[in-house]
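A short reminder: the numbers here are calculations on the coordinates, not readings from a lab. What you see is a predicted model; the values in this text were computed from it and never measured. Here the Cβ is made from the backbone with ideal geometry for all residues, glycine too, and neighbour counts use every protein chain on show.
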Amino acid sequence: MRKIYKATIILFLFYNQTISATDWQLWTTIGAEKKLNKNLKIKIDLENRFKNDFDNHFYTHGEPSIHHKIINDDNSIGLQFRQIYEESSSGKWKLESRPGIIWLTKFSLLGSQLDSRIKVIYRVLERSSNRIAFRGRLGFEIFKISPISGYISDELFYHYNGLDQIDRNRLILGMKINIKTKKLSVDAKTYLLRQDNKRSAFSSWKGTNAIGGSITIKF
């Protein structure tokens, strides 16, 4: 009952955040993951995004990554390389490359299961100066009825090299399910997302809402 009460409060607060945004987007991700040995695994993701109430495809990225377990299954460090094609406001598509380092960890606190992800990224931009970005995400489980669980997460984005500020916040409320067979398992997620962006120190925050889904096949 306490978890249901907590989830209801979170849903109410999230609704108040998302209702004020002017644009709804659709984000879809498909991925595959393969264990190479007991400590090492590789992963690849392909994501597409649609804006203007799902009408315009404006973003695609592919991201291969490799992860190495540290101490136990709840901690890992990895390397990624994300290749992005994104439509600019002028209608032209621009290319961006993002090599980076990823640290993932899971832990328990006050009876709740939490997970965190830290990324340090070097952004190689096609029509602008390159820059370093830091991303920090913290999430926790709000309910679990096996094999389904609900979660909420918040992620902050910080840019160096000119901006030197927190310029993006991403709040996610979602559900996930894990389906296992003898040879593989499938992780599926669906979520609501609220993203607020700030382009400069003097500009105001601008919000975007998204409905998202992802499927990852693990071999």
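How do 48-55, 31-38 rank on mean C-beta neighbours within 10 Å, highest first?
Result, highest mean Cβ count within 10 Å first: 48-55, 31-38.
With each run of n ≥ 4 DSSP H residues scored as -39500 (n - 2.57), what mean residue ellipticity at 222 nm is computed for the chain after dividing by its residue count and rounding to the nearest 500 deg cm²/dmol?
Details: 1 runs with 17 residues, N = 219.
Theoretical 222 nm ellipticity from helices: -2500 deg cm²/dmol.
Can you give the Kirkwood hydrodynamic radius for the chain, in Å, rounded to one decimal and based on Cα pairs?
Numbers: mean 1/r = 0.0531 Å⁻¹.
Answer for the chain: a Kirkwood hydrodynamic radius of 18.8 Å.
Got a sec? How would HIS159, HIS67 order by Cβ neighbour count within 10 Å, fewest to most?
HIS159, HIS67
Please report, largest first and rounded to whole Å, the three semi-axes of the ellipsoid equivalent to the stretch 97-219, where each semi-axis is the square root of five times an eigenvalue of the C-alpha gyration tensor. Can you show the working numbers first?
Working: eigenvalues 185, 61, 42 Å².
Taking √(5λ) for each eigenvalue gives 30, 17, 14 Å, largest first.
At 7 Å along Cα-to-Cβ for each site, give me the label-to-label distance between ASP23 and SER203 in nm.
So the two model labels end up 1.1 nm from each other.
Say R0 is 22 Å: what FRET efficiency, to the nearest 0.05, do LYS180 and LYS38 get from their beta-carbon distance? Kindly include the intermediate steps, with their values, before the conclusion.
Details: r = 18 Å, r/R0 = 0.83.
Approximately 0.75, to the nearest 0.05.
Which residue fluctuates most in the GNM of the chain (Cα springs below 10 Å): GLN113, GLN25, GLN195?
Ranking GLN113, GLN25, GLN195 by mean-square fluctuation puts GLN113 first.
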